[in-house]
1. Checking the conditions here, which among Asn81, Asn126, Asn106, Asn119 is in a strand (DSSP E or B) and farther than 15 Å from Ile171 by Cα?
2. Of all residues in the stretch 72-96, which are farther than 22 Å from Glu22 by Cα, surrounded by 15 or more Cβ atoms within 10 Å (Cβ to Cβ) and hydroxyl-bearing (Ser, Thr, Tyr)?
3. Could you give every pair whose Cβ atoms fall below 9 Å, whose first residue belongs to the stretch 4-24 and is touching a residue at least 40 places away in the same chain (Cβ under 8 Å), and whose second residue is crowded, with 16+ Cβ neighbours inside 10 Å and in a loop (DSSP other than H, G, I, E, B), counting only separations of at least 6 or pairs across chains?
4. When you scan the stretch 65-75, how many residues do you find that are in contact with a strand residue (DSSP E or B) (Cβ under 8 Å, 6 or more places away or on another chain) and in contact (Cβ under 8 Å) with a residue 24 or more places away in the chain?
5. Within the stretch 27-64, how many residues turn out to be touching a residue at least 40 places away in the same chain (Cβ under 8 Å) and in a helix (DSSP H, G or I)?
6. Do you know which of the residues in the stretch 149-178 that are modelled with pLDDT of 95 or more and either among the basic types (Lys, Arg) or assigned to a loop (DSSP other than H, G, I, E, B) (or both) is nearest to Arg129 (Cα to Cα)?
7. What number of residues within the stretch 124-141 satisfy the criterion of being touching a strand residue (DSSP E or B) at 6+ places or on another chain (Cβ under 8 Å) and within 23 Å of Leu68 (Cβ to Cβ)?
8. Have a look at Leu109, Leu78, Leu133 and point out the one that is in contact (Cβ under 8 Å) with a residue 40 or more places away in the chain and more than 15 Å from Leu15 (Cβ to Cβ).
Amino acid sequence: MNFCKIVSSQLELRLWNFSEKENLFNLIEENRKFLYRWLRFIENIKSPKDATGLISEGLDGYAKNTSLNLAIYYNNELSGNIVLEYDVKTHFEGEISYWIGERFQNKGLISRCMKILLNEAFSNLNLNRVKLLIAESNVKSLKVAKKQGFTYEGTTRESYKTNNEFQNIRIYSLLKKEYEG
C-alpha cells in the first residue's frame, strides 16, 4: 500500500506507516491540551502502542476503500493528520476531518492539504458531496471551510462532548458541481 502526494517542496501527504508510531504519539503528547478542546480520541492515546491503533485504522480504511487517512509532513516533520472517509457504493458522500500541531498552524497547511483531498474525492472517487463537521468554537477551521467554498448547512446543538463540555457542531458541505479544482 502506498499513497504519497507532494503538495509543495515543503508539504507532503503520506499514507501512514507503523514506523511513525513514536512520532505520532510525540506529536499528540506535545499538543494534548491544544487538541483535546476538539478531539475526544486524544484522551485514549497514552503510549506509542495506542498510536499504532490509529495507524492501523487508517491503513484498514485504505485497504477497504472506505478512507484515505494521511500523515501531514511539513519540512519532513510530522505535523498532523487529514482524513477523507467516504462511501462510493451507495451515497457517494465523504467527510473530511483533520488536526494539526499548534506550532504548525497559520501556515496554510490544512487548506493546501484539503485541496488535494477534494480533488481525490471529486475526480478520482467520483463523490458527489463532501462534508465537514466543525465545532462552533473552532474559528480557524470555520475559516478553512469558507476559504474552500463549503456551504454552511446548519448546526447540531450540543451534539459533541469533549473536555467535559457539550459543543455545537456546524455542518458544511461542498458538492461536486460546486467544486472548482
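1. Criteria check complete, one pass: Asn81.
2. Tyr86
3. Matching pairs, first to second residue: Leu13/Val7; Leu24/Trp16; Leu24/Ile45.
4. The total comes to 7.
5. Number satisfying all stated conditions: 10.
6. Among those that are modelled with pLDDT of 95 or more and either among the basic types (Lys, Arg) or assigned to a loop (DSSP other than H, G, I, E, B) (or both), it is Lys176.
7. 11
8. Leu109
The values are calculated or read from the model by the stated rules, or taken from the named source; none is laboratory data. As the structure is a computational prediction, the values presented were derived from the model and not from experiment. Cβ coordinates were reconstructed from backbone atoms using ideal geometry, including for glycine residues, and neighbour counts include every protein chain displayed.
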